[in-house]
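K.L.:
Just passing along the structure, written as C-alpha cells.
The values are calculated or read from the model by the stated rules, or taken from the named source; none is laboratory data. Bear in mind that the values here come from a model prediction, so they are computed numbers and not experimental data. Backbone-built Cβ (ideal geometry, glycine too); neighbour counts: all protein chains shown. Accessible surface is based on the protein model in full, side chains and every heavy atom, while ligands, DNA and RNA are left aside. Shrake-Rupley method; radii C 1.70, N 1.55, O 1.52, S 1.80 Å.
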Amino acid sequence: MKKDGNRPFIKWPGGKYKLVKHIIQAIEQKLSSDYKDTNHYRLVEPFVGSGALFLNTPFKAYLLCDINEDLINLYKTLQTYQDEFIQYTKSFFTQQNNTPDKYYEFRDTFNSSTDIVLKSALFVYLNRHGYNGLVRYNKSGKFNVPFGKYDQPYFPGKEMKYFVHKCKTADVEFKVQDFRDTFKELTE
C-alpha cells in the first residue's frame with residue numbers, strides 16, 4: 001500500500017491524513033497472510049471525512065459513508081462531473097472572491113440553495129476560504145464558519161483530479177449514513 005500520502009482536496013477537522021501510514025500498517029497486520037493483496041477486499045469507512053484513507057489505499061471496492069450530506073453530495077458530484085466540475089469550482093477561486101463580503105454572500109447562497117452542483121462547488125470554496133478549514137453548522141443546519149482571511153486560498157485542482165482517478169480505478173459507493181447504519185448494513 002502507498003505510504004507517502006495523497007492529500008485530500010478538502011480540509012477536515014480531525015482528519016486521518018496524518019495517521020494514514022499507521023492505519024495502513026494496522027490494516028496490513030489484520031489481513032491474513034494469504035490475502036495481503038488488498039484487491040480482495042472492500043474498505044468500509046463509516047466516517048469518510050476528507051477521504052484520506054480512500055485516497056491512500058488500493059482496495060478493489062469502497063463503501064464511503066458520512067452523516068454530512070453536503071460532503072457526500074460533493075463526492076458524488078465530483079465523481080459524476082469530474083473535470084467539468086473541477087473547472088466550475090475553480091471559477092470561485094479568484095482574488096475578487098477572497099473578501100469577507102463575497103465569502104458571506106457565497107455562504108448565504110450555499111445555505112439557501114437546492115442546486116447540488118452549486119452547493120458542492122461552494123462547499124470546496126467555503127472549506128478553503130473559511131476559518132481553519134472548519135466544517136460547522138448551527139442548530140438550524142446552516143453552515144456558519146466565519147471567513148478565514150487567507151491571502152490566496154489554494155485551489156486543490158490536482159487533488160480533485162486524483163480523487164476522480166481513484167473513483168475510476170475501483171468500485172466506489174458513497175452514502176449519507178449514520179455510522180450505526182453502516183455497521184448494521186455490514187452485519188446483515
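K.L.:
Would you mind checking which residues have amide H under 5 Å from CYS65's amide H? H placed 1.01 Å from N; only 5 or more apart, or other chain.
P.N.:
For CYS65, the qualifying residues are GLU45, PHE47, VAL48, LYS175.
K.L.:
Computed FRET efficiency, Cβ-Cβ of GLN29 and TYR162, R0 25 Å: what is it to the nearest 0.05?
P.N.:
Working: r = 27 Å, r/R0 = 1.07.
With a Förster radius of 25 Å, E is 0.40.
K.L.:
In whole Å, what is the distance between the alpha-carbon centres of segment 80-137 and segment 172-188?
P.N.:
That distance is 28 Å.
K.L.:
Can you give the extra length, in nm with one decimal, that the chain gains between ARG42 and PHE179 once fully stretched, where that is 0.36 nm per residue apart less the Cα-Cα distance? Show your work: numbers first, answer last.
P.N.:
On the way: separation 137, 0.36 × 137 = 49.32 nm, distance 1.65 nm.
Contour length minus the Cα-Cα distance gives 47.7 nm.
K.L.:
Grab the alpha carbons of the chain, take their convex hull, and tell me the volume per residue in Å³. Please list the in-between numbers first.
P.N.:
Values: hull volume 23.2 nm³, N = 188.
Cα-based convex hull of the chain, divided per residue, equals 124 Å³.
K.L.:
Is the C-alpha gyration tensor of segment 86-188 telling us rounded, prolate or oblate? Criteria: a/c under 1.5 is rounded; beyond that, a/b larger than b/c is prolate, otherwise oblate. Display every interim value, and only then the final one.
P.N.:
Values: a/c = 2.32, a/b = 1.44, b/c = 1.62.
Judged from the Cα gyration tensor, segment 86-188 comes out oblate (a/c at least 1.5, b/c at or above a/b).
K.L.:
Moving to a separate point now. Carbon and sulfur atoms: what percent of the 1.4 Å accessible area of the chain do they account for? It would help to have the intermediate numbers written out before the result.
P.N.:
Working: 5060 of 10320 Å².
Here carbon and sulfur together make up 49 percent of the probe-accessible area.
K.L.:
Another question about this same structure. Rounded to the nearest 20 debye, what is the charge dipole size of segment 25-122 about its Cα centre when +1 sits on each Lys and Arg Cβ and -1 on each Asp and Glu Cβ? Could you put the intermediate results ahead of the total?
P.N.:
Working: 9 positive and 13 negative charges, 42 e Å.
Here segment 25-122 has a charge dipole of around 200 debye.
K.L.:
Starting at the first residue of segment 13-19, write each ³J(HN,Hα) from the Karplus equation 6.51 cos²θ - 1.76 cosθ + 1.60 with θ = phi - 60°, in whole Hz, x for Gly and Pro.
P.N.:
Ordered by residue, 3J(HN,Hα) equals x, x, x, 8, 3, 5, 9 Hz.
K.L.:
For segment 92-184, what is the accessible area per residue in Å² when the probe is 1.4 Å? Walk me through the intermediate numbers first.
P.N.:
Working: 5120 Å² over 93 residues.
Result: 55 Å² per residue.
K.L.:
Something else now. Explain nothing, just the number: dipole magnitude of the chain about its Cα centre with +1 on each Lys and Arg Cβ and -1 on each Asp and Glu Cβ, in debye rounded to the nearest 20.
P.N.:
Details: 28 positive and 22 negative charges, 114 e Å.
Roughly 540 debye for the chain.
K.L.:
Rounded to the nearest 5, what % of the DSSP beta bridges within the chain are antiparallel ones? Mind dumping the intermediate values first?
P.N.:
Numbers: 2 of 12 bridges.
So the antiparallel bridges in the chain amount to around 15 percent.
K.L.:
Here are some pairs, LYS60/LYS142; LYS142/LYS168; LYS11/LYS184; LYS11/LYS139; LYS11/LYS158; which of them have Cα atoms lying more than 26 Å apart in this structure? Spell out each step's value before the answer.
P.N.:
Numbers: LYS60/LYS142 36 Å; LYS142/LYS168 32 Å; LYS11/LYS184 29 Å; LYS11/LYS139 22 Å; LYS11/LYS158 15 Å.
From LYS60/LYS142; LYS142/LYS168; LYS11/LYS184; LYS11/LYS139; LYS11/LYS158, over 26 Å: LYS60/LYS142; LYS142/LYS168; LYS11/LYS184.
K.L.:
While we're looking at this one, here's another question. Report ³J(HN,Hα) in whole Hz for each residue of segment 128-134, in order, from the Karplus equation J = 6.51 cos²θ - 1.76 cosθ + 1.60 where θ = phi - 60°; Gly and Pro get x.
P.N.:
Computed from phi, the couplings for segment 128-134 are 8, 9, x, 4, 6, x, 5 Hz.
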